[in-house]
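Data block below; observations after.
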Amino acid sequence: MSNCKTQNKEQPTLKLFHNSTVIFTSTKKWLYPLFDLESFLKDYLTHHPEATSDLYLEDKIVGKASAFLIVYMGIPKVHAHILSSYGKKVFETYSIQYTYDTLIERVSCKTEELLKNVRAPKEAYRIIQNLRNNNT
């Protein structure tokens, strides 16, 4: 198992590429890089609507919550350094192209447990947003 709070503060924990160009990075913890990415993408895709199919995300740790957020944002390709089996199932269910360095059973994180029986990205998004709002 991997801990969802484990992040390297110096190196980006998340990078988004448009083709081979890095267009977004974050060094934040938990799901905050994906929340920031969602805001960034709303603006970026307004100006580059054709870019969606050319987006590629690289993330340190992807569990079920991250996978659902990635699906919800419409990012078609992902590389996870660490991927949980729950996140892998989400990617397979929603036809996301993915690669990973290490596959683990689950991320030791309360969001992975909260979403254990969730099957739909919109439902997961609602739960994650409620959790985020209660933590801020």
Problem - Matching residues in region 17-42 - criterion: being surrounded by 19 or more Cβ atoms within 10 Å (Cβ to Cβ) and in a helix (DSSP H, G or I) - result: P33, L34, L37, L41
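Go through region 43-66 and report how many residues are without any contact (Cβ under 8 Å) to a residue 12 or more places away in the chain and either farther than 19 Å from K28 by Cβ or in a strand (DSSP E or B) (or both).
Of all residues in region 43-66, those without any contact (Cβ under 8 Å) to a residue 12 or more places away in the chain come to 43, 45-47, 49-50.
Narrowing further to those that are either farther than 19 Å from K28 by Cβ or in a strand (DSSP E or B) (or both): 45-47, 49-50.
Residues that pass the stated criteria total 5.
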Exercise for the section: Output the residue which, of all residues in region 61-85 that are surrounded by 19 or more Cβ atoms within 10 Å (Cβ to Cβ) and among the hydroxyl-bearing types (S, T, Y), is farthest from S39 (Cα to Cα). Expected result: S84
Practice task
Considering only residues that are part of a strand (DSSP E or B), over 15 Å from the mean Cα position of the chain (by Cα) and not charged (D, E, K, R), look in region 83-119 and name the one that is nearest to K60 (Cα to Cα).
Solution key: T102
Completion exercise
Within region 111-136, of all residues that are in contact (Cβ under 8 Å) with a residue 40 or more places away in the chain and charged (D, E, K, R), the one nearest to P76 (Cα to Cα) is K122
Handout entry: Hits in region 86-134 (condition: over 24 Å from S53 (Cα atoms), of a type in the set (K, R) and surrounded by 19 or more Cβ atoms within 10 Å (Cβ to Cβ))
Key = none
Problem - Every pair of residues 6+ apart whose Cβ atoms lie under 8 Å, when the first sits in region 11-22 and is more than 13 Å from L57 (Cβ to Cβ) while the second is part of a loop (DSSP other than H, G, I, E, B) - result: Q11/T27
Problem - Top-ranked residue of region 50-79 - restricted to ones that are of a type in the set (S, T, Y) and at pLDDT 95 or above, ranked as farthest from V107 (Cα to Cα) - result: Y56
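The values are calculated or read from the model by the stated rules, or taken from the named source; none is laboratory data. Just so it is clear, the structure is predicted and the values come from calculations on it, not from any experiment. Quick reminder, even Gly has a Cβ in these numbers, built from the backbone with ideal geometry, and neighbours come from all protein chains shown.
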